[in-house]
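One structure is given below, encoded as structure tokens.
The values are calculated or read from the model by the stated rules, or taken from the named source; none is laboratory data. Fair warning: this is a prediction, and the values are worked out from it, not measured in the lab. Cβ atoms come from the backbone with ideal geometry, glycine included; neighbour counts cover every protein chain shown. Areas reflect the complete protein model, heavy atoms only, side chains present, ligands, DNA and RNA absent. Shrake-Rupley method; radii C 1.70, N 1.55, O 1.52, S 1.80 Å.
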Amino acid sequence: MNGNGFQSVIDTSDIFIGAIRDTLVMTLVSLVVAGVIGLALGLVLYATRPGNLLGNRTVHTIVNVVVNIVRPIPFVIFLAAIAPLSRVAVQTTIGVPAVTFAISLAASFAVARIVEQNLLAVDPGVVEAARASGAHPVSILLTVLIPEGIGPLILGYTFIFVGIVDMTAQGALIGGGGLGEYAIVYGSQRYDWWIVYVSVAAIVVIVQLGQLVGNRLARATLRR
């Protein structure tokens, strides 16, 4: 244990606060961007299934294959693989912008699968009733399916939130800032375990707060 003890955390408090800010920015921006893109992809996966609202085997197969290829790639490898794309999209391959871009892209495919699975769990009778009434397929997707599956979808997004926080820590490998970089640069590389433990504690608090908010929102929608 570093001889300075907790004093080292106090001495780097400004950096620690900045690391929390960077982690929150990367997490929330990525969650919003991935949430929107993933929702769109998930709706396409659901709707284009053969026999579904917009059944199209070709489109469904292409999107499904892309999701299946990208989703299992470890994020550390994904960071390296999309470096050229990051340079084009955000003009850099390092730092908070690059990590946020990479997380947004990677998480989108995970969200897509979660959205598809939750929509498939919606009572088919509700969809058939809407189709029988003459509702347009897009209208059914937006005004019937999503509202019916909103509770489980919120829980799914909460799960993604936790995964994104984990990704921000891995982003330290390309100088992504945040608590991951703080723990590595100011903690483990200097054998200052107080900083490592405080970083872990901060990440746990962020995850728990996100989980709490997500659970409460899901519970509120399921009670309607």
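If you go through the stretch 181-212 one residue at a time, how many are under 17 Å from Leu31 (Cβ atoms) and in contact (Cβ under 8 Å) with a residue 12 or more places away in the chain?
Qualifying residue count, the stretch 181-212: 5.
Tell me, please, whether a residue that is more than 25 Å from Ile203 (Cβ to Cβ) and part of a helix (DSSP H, G or I) can be found in the stretch 3-14.
no
Sort out which residues of the stretch 113-129 are touching a Gly at 6+ places or on another chain (Cβ under 9 Å) and open to solvent by 90 Å² or more (accessible area, probe 1.4 Å), and write them in order of number.
Once the filter is applied, which keeps residues that are touching a Gly at 6+ places or on another chain (Cβ under 9 Å) and open to solvent by 90 Å² or more (accessible area, probe 1.4 Å), the stretch 113-129 yields only Gln117.
For Gly176, indicate whether it is surrounded by fewer than 18 Cβ atoms within 10 Å (Cβ to Cβ) and either over 19 Å from the mean Cα position of the chain (by Cα) or part of a loop (DSSP other than H, G, I, E, B) (or both).
So Gly176 does not fit the description; no.
Looking at Val165, Val115, which one is in contact with a Ser or Thr (Cβ under 9 Å, 6 or more places away or on another chain) and in contact (Cβ under 8 Å) with a residue 40 or more places away in the chain?
Val165 is the lone residue from the list that is in contact with a Ser or Thr (Cβ under 9 Å, 6 or more places away or on another chain) and in contact (Cβ under 8 Å) with a residue 40 or more places away in the chain.
Quick test for you: out of Ala132, Ala201, pick the one residue that is over 24 Å from the mean Cα position of the chain (by Cα), hydrophobic (A, V, I, L, M, F, W, C) and exposed (fewer than 15 other Cβ atoms within 10 Å of the Cβ).
Residue meeting the stated conditions: Ala132.
May I ask you to list the residues in the stretch 45-58 that are outside any loop (DSSP other than H, G, I, E, B) and either charged (D, E, K, R) or without any contact (Cβ under 8 Å) to a residue 24 or more places away in the chain (or both)?
Arg57, Thr58
Of all residues in the stretch 9-32, which are open to solvent by less than 60 Å² (accessible area, probe 1.4 Å) and either within 23 Å of Tyr157 (Cβ to Cβ) or touching a Gly at 6+ places or on another chain (Cβ under 9 Å) (or both)?
Across the stretch 9-32, the qualifying residues are Gly18, Ala19, Ile20, Asp22, Thr23, Met26, Thr27, Ser30, Leu31.
Identify, please: which residue in the stretch 59-99 is in contact (Cβ under 8 Å) with a residue 40 or more places away in the chain and not in a helix (DSSP H, G or I) and is, among those, nearest to the chain's Cα centre (by Cα)?
By that ranking, first place goes to Arg71.
If I ask for residues that are in a helix (DSSP H, G or I) and open to solvent by 50 Å² or more (accessible area, probe 1.4 Å), which ones from the stretch 186-198 would you list?
Tyr186, Gln189, Arg190, Trp193, Trp194, Tyr197, listed by residue number.
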